[in-house]
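Reviewing the structure listed below.
The values are calculated or read from the model by the stated rules, or taken from the named source; none is laboratory data. What you see is a predicted model; the values in this text were computed from it and never measured. No Cβ is skipped: glycine too gets one built from the backbone with ideal geometry, and neighbour counts run over all protein chains shown. For the accessible areas, the whole protein counts, side chains as well, though only heavy atoms, and no ligand, DNA or RNA atoms are used. Shrake-Rupley method; radii C 1.70, N 1.55, O 1.52, S 1.80 Å.
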Amino acid sequence: RREIVESEIARRKDARLNDTNAYLDDLHSRRRGLTPDQQDGLCFIYDLYQEYQERLKASGQEWADWEDVQQLTLDELHGHRLQRHFDAVFIDEAQDFSPQMMEIVKRLLKPGGYLFMCDDPVQCLWREFNWKDKRIKPDKEEVLSYPLRTTQSIMNLAQGLLDAEPHMRSEHDWDTYPSSIHVNVDAGVLPTLIQCHSTDEELRYVDQLLSQMIAEGQSTKEIAIMCP
């Protein structure tokens, strides 16, 4: 599938897995469940894409994609005034940083500088790299025992969904916040689940709900609609 090919090309570039054997080792460690033919196909497409980019570059055309930007940035940092410039760097949402992004950050730090990161693997939206992939070994690591920006109702709902639908779990999911424990978070409003039988029915429901909320004085700046 196209999305698999795109994500695997991106990962190879992000993690600098140019060597085929290194990439296959990485693929096996992630247990992607691909057949040998599918793995060979991914390697073939990657090599073909690399050759295509080289032809574009040789002819003076635009050749770089998003994953190449990180390497281009690293090249530009060599001898740049911002290299080894900062005493400290703070990173939020560090789970979405690729190995090359982390290398850029390290290049910006002075020798002996401080790097402070906050990350949550469960919230990883588009990358999945561990500390080893990122070539980071934290000197000190603190793990929160429970989330501070949620409610007991949301925790119970999330845990219930994972218990009822095991296929929704990823390798990062675990019962870190079991609903049976009592933690110091607000009870919160009980979330509502609405089952719609078609996209049109769902759109009509959302439209009616929005109209009702606005009629009751709810500011549109305080309304968010999240779509899959």
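Assorted remarks:
- Residues satisfying the stated conditions in the range 84-113, i.e. among the aromatic types (Phe, Trp, Tyr) and modelled with pLDDT of 95 or more: Phe86, Phe90
One line per residue, one yes/no per condition, for (1) open to solvent by 90 Å² or more (accessible area, probe 1.4 Å); (2) touching a Pro at 6+ places or on another chain (Cβ under 9 Å); (3) among the aromatic types (Phe, Trp, Tyr); (4) in a helix (DSSP H, G or I):
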site: Ala10; (1), (2), (3), (4): no, no, no, yes
site: Lys13; (1), (2), (3), (4): no, no, no, yes
site: Arg16; (1), (2), (3), (4): yes, yes, no, no
site: Asp26; (1), (2), (3), (4): no, no, no, yes
site: Tyr46; (1), (2), (3), (4): no, no, yes, yes
site: Glu51; (1), (2), (3), (4): yes, no, no, yes
site: Arg107; (1), (2), (3), (4): no, no, no, yes
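- Of everything in the range 171-211 that is part of a loop (DSSP other than H, G, I, E, B) and small (Gly, Ala, Ser), the residue that is modelled with the highest pLDDT is Ser198.
- Criterion: loosely packed, with under 15 Cβ neighbours inside 10 Å and outside any helix (DSSP H, G or I) - qualifying residue of Glu128, Glu76, Glu142: Glu142
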